[in-house]
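Peer 1: First, the structure itself, so that you have it in front of you.
The values are calculated or read from the model by the stated rules, or taken from the named source; none is laboratory data. Here the structure is a predicted model, which is why all the values come from computation and not from measurement. Every residue, glycine as well, gets a Cβ built from its backbone with ideal geometry; the counts of neighbours run over all protein chains shown. The accessibility values were calculated without ligands, DNA or RNA, using every heavy atom of the protein model including side chains. Shrake-Rupley method; radii C 1.70, N 1.55, O 1.52, S 1.80 Å.
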Amino acid sequence: MMQRQLAQLLFGFTLAMVPAAGSAQVAGPDSAAVLAGKRLYEGRGLCASCHGKDGEGILGPTLKLNADKKAWLHTDGSLRSIVALIKSGLEPSVTESGITMPARGGARLTDEQVEQVAAYVMHLHRTAPASP
């Protein structure tokens with residue numbers, strides 16, 4: 001029971017560190033979560049197959065803040081809302097591309113792994129696109 005309470009406390013603290021959209025961006029997910037999320041994003045999470053290895057967008061939309069739209073789609077950009085979106089997925093009727101985003105990207109990801117992928121997605125969104 002104590003381990004569960006500790007996990008809830010740590011997860012809540014991690015989410016509290018990430019400001020809501022519109023507020024000053026002072027902290028984000030830690031580098032270990034971002035690195036784990038990158039491995040999942042590029043591998044068994046299946047994210048790169050639609051969103052591109054660097055978040056440039058293929059079938060799914062770009063994940064880059066510095067892309068044409070410069071705004072989040074389907075989320076407010078908070079870690080909590082990105083996690084919720086990944087967990088639930090999107091129906092084609094509400095996506096910009098008209099393509100389904102399956103829940104958990106169609107992969108068998110644990111809640112912790114979804115949080116790691118979301119941390120990496122936040123990192124991608126804050127990273128400038130690579131030069132051609």
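Peer 1: For Ala103, indicate whether it is over 12 Å from the mean Cα position of the chain (by Cα) and modelled with pLDDT of 95 or more. If you could, list the steps in order and put the result at the bottom.
Peer 2: Numbers: over 12 Å from the mean Cα position of the chain (by Cα): yes; modelled with pLDDT of 95 or more: yes.
Considered against the rule, which asks whether it is over 12 Å from the mean Cα position of the chain (by Cα) and modelled with pLDDT of 95 or more, Ala103 comes out as yes.
Peer 1: Just to be sure I understand, how many residues within the range 57-66 are surrounded by 16 or more Cβ atoms within 10 Å (Cβ to Cβ) and at pLDDT below 80?
Peer 2: Count: 5.
Peer 1: Go through the range 22-52 and give me each residue that's over 12 Å from Tyr120 (Cβ atoms) and either open to solvent by 60 Å² or more (accessible area, probe 1.4 Å) or at pLDDT 80 or above (or both). Steps first, answer last, please.
Peer 2: Keep residues of the range 22-52 that are over 12 Å from Tyr120 (Cβ atoms), which gives 22-27, 44, 46, 49-50, 52.
Gly22, Ala24, Gln25, Val26, Arg44, Leu46, Ser49, Cys50, Gly52 - these are the residues of the range 22-52 that are over 12 Å from Tyr120 (Cβ atoms) and either open to solvent by 60 Å² or more (accessible area, probe 1.4 Å) or at pLDDT 80 or above (or both).
Peer 1: Taking the condition part of a loop (DSSP other than H, G, I, E, B), in contact (Cβ under 8 Å) with a residue 12 or more places away in the chain, among the basic types (Lys, Arg) and touching a helix residue (DSSP H, G or I) at 6+ places or on another chain (Cβ under 8 Å), does Lys53 pass? Even if it seems obvious, please write down each step before you answer.
Peer 2: Values: part of a loop (DSSP other than H, G, I, E, B): yes; in contact (Cβ under 8 Å) with a residue 12 or more places away in the chain: no; among the basic types (Lys, Arg): yes; touching a helix residue (DSSP H, G or I) at 6+ places or on another chain (Cβ under 8 Å): yes.
Answer is no for this residue.
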